[in-house]
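Please read the structure below before turning to the comments.
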Amino acid sequence: MRKPLIAGNWKMNGNRGLAAEMLQAMESSLDQTSADVVVCPPFSLLQSVGECFENTPVFLGAQNVHAQLSGAYTGEISAPMLNEMDVKWCIVGHSERRAQFSETDAIVRQKVGILLQNGIQPIMCVGESLEEREAGKHEEVVVEQLKNGLSGLAADDQLRCTIAYEPVWAIGTGKTATPEQANSMHLVIRNQLAELSTEQFATKMRILYGGSVNADNAEELLGQSEIDGALVGGASLKTDQFPGIITAAKG
Ligand code: 13P
């Protein structure tokens with residue numbers, strides 16, 4: 001049985017006060033849920049959000065990392081730096097970074113590697129654009145991203161990765177994939193993971209869905225056999241939404 005994982009991606013939003021407000025709002029959901037809960041604030045808030053979540057079950061996550069360990073990379077943050085902040089998870093290959101910051105599959109693969117070397121679990125995002133889906137290429141695109149992003153990893157390293165399927169057309173649009181569309185892609189992903197390592201490993205890996213998840217649609221999405229959690233954007237900033245998504249995650 002896979003333990004559900006609910007991760008909030010604050011993107012370039014939030015402030016010091018939000019973590020405390022969210023913690024208060026999440027209190028009873030955290031008591032009830034069997035899920036792992038991760039909050040990924042912007043880099044500048046890692047310290048204060050981390051302090052707020054100290055001695056709570058909420059894990060601290062980051063939204064990005066540089067592919068190198070250190071050096072002349074002005075404005076960037078390395079995996080050892082995240083480790084020092086007690087960051088346990090890190091999103092890589094988000095479609096916004098692929099589209100706006102030219103993050104290629106090769107860079108994603110390097111970032112996955114550097115995170116694993118530093119004891120941080122990658123949440124690797126994959127997902128197709130609307131044009132790719134309309135052209136019937138969605139599965140092919142996602143499989144390619146998976147193969148490239150995880151290429152050459154040892155099976156036990158692959159097992160430490162979480163995959164987030166985020167169809168680009170569903171992000172921030174209010175248009176979610178139907179539970180059937182999402183579940184069917186998750187099955188494609190799991191089959192590919194099995195090819196990359198073994199079926200036994202693939203069965204243990206968590207595959208999250210992301211794209212307009214909210215407190216109203218979470219239960220149905222999370223009720224699908226292959227959906228093991230959610231990567232939540234906009235609703236992770238709302239105290240009347242995120243707790244409901246956590247409650248909807250049943251192990
Ligand atoms: P929304 O939940 O706002 O659609 O964003 C999803 C996302 O990109 C999470 O990483």
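The values are calculated or read from the model by the stated rules, or taken from the named source; none is laboratory data. Since this is a predicted model, take the numbers as computed values, not measurements. Every residue, glycine as well, gets a Cβ built from its backbone with ideal geometry; the counts of neighbours run over all protein chains shown. The protein model used for the area step is the full one, side chains on, heavy atoms only, and it has no ligands, DNA or RNA in it. Shrake-Rupley method; radii C 1.70, N 1.55, O 1.52, S 1.80 Å.
Quick notes on this one:
- Per-region count, region 128-154, residues small (Gly, Ala, Ser), open to solvent by 10 Å² or more (accessible area, probe 1.4 Å) and closer than 18 Å to ASN191 by Cα: 3
- Restricting LEU208, LEU150 to those that are under 26 Å from SER34 (Cβ atoms) and in contact with a Leu (Cβ under 6 Å, 6 or more places away or on another chain) reduces the list to LEU208.
- Identity of the residue in region 201-211, within 16 Å of the ligand (Cβ to nearest atom) and open to solvent by less than 30 Å² (accessible area, probe 1.4 Å), that ends up farthest from LYS11 (Cα to Cα): ILE207
- Some residue of region 178-187 being in contact (Cβ under 8 Å) with a residue 60 or more places away in the chain, more than 16 Å from PRO4 (Cα to Cα) and either within 10 Å of the ligand (Cβ to nearest atom) or open to solvent by less than 10 Å² (accessible area, probe 1.4 Å) (or both): no
- Qualifying residue in region 92-100 (condition: hydrophobic (A, V, I, L, M, F, W, C), outside any loop (DSSP other than H, G, I, E, B) and out of contact with any Phe, Trp or Tyr (no Cβ under 7 Å at 6 or more places or on another chain)): yes
- Looking across region 214-226, the residues that are within 15 Å of the ligand (Cβ to nearest atom) and open to solvent by 10 Å² or more (accessible area, probe 1.4 Å) come down to ASN214, ALA215, ASP216, ASN217, LEU222.
So that you can scan it fast, the table gives a plain yes or no per residue for (1) touching a strand residue (DSSP E or B) at 6+ places or on another chain (Cβ under 8 Å); (2) open to solvent by 50 Å² or more (accessible area, probe 1.4 Å); (3) basic (Lys, Arg):
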| residue | (1), (2), (3) |
| --- | --- |
| MET81 | no, yes, no |
| MET85 | yes, yes, no |
| ILE91 | yes, no, no |
| GLU96 | no, yes, no |
| ASN118 | no, no, no |
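- Top-ranked residue in region 155-176 [being farther than 19 Å from GLN63 by Cβ and in contact with a Phe, Trp or Tyr (Cβ under 7 Å, 6 or more places away or on another chain); ranked as most open to solvent (accessible area, probe 1.4 Å)]: LYS175
- Within region 29-52, tally of residues that are touching a residue at least 12 places away in the same chain (Cβ under 8 Å) and open to solvent by 10 Å² or more (accessible area, probe 1.4 Å): 13
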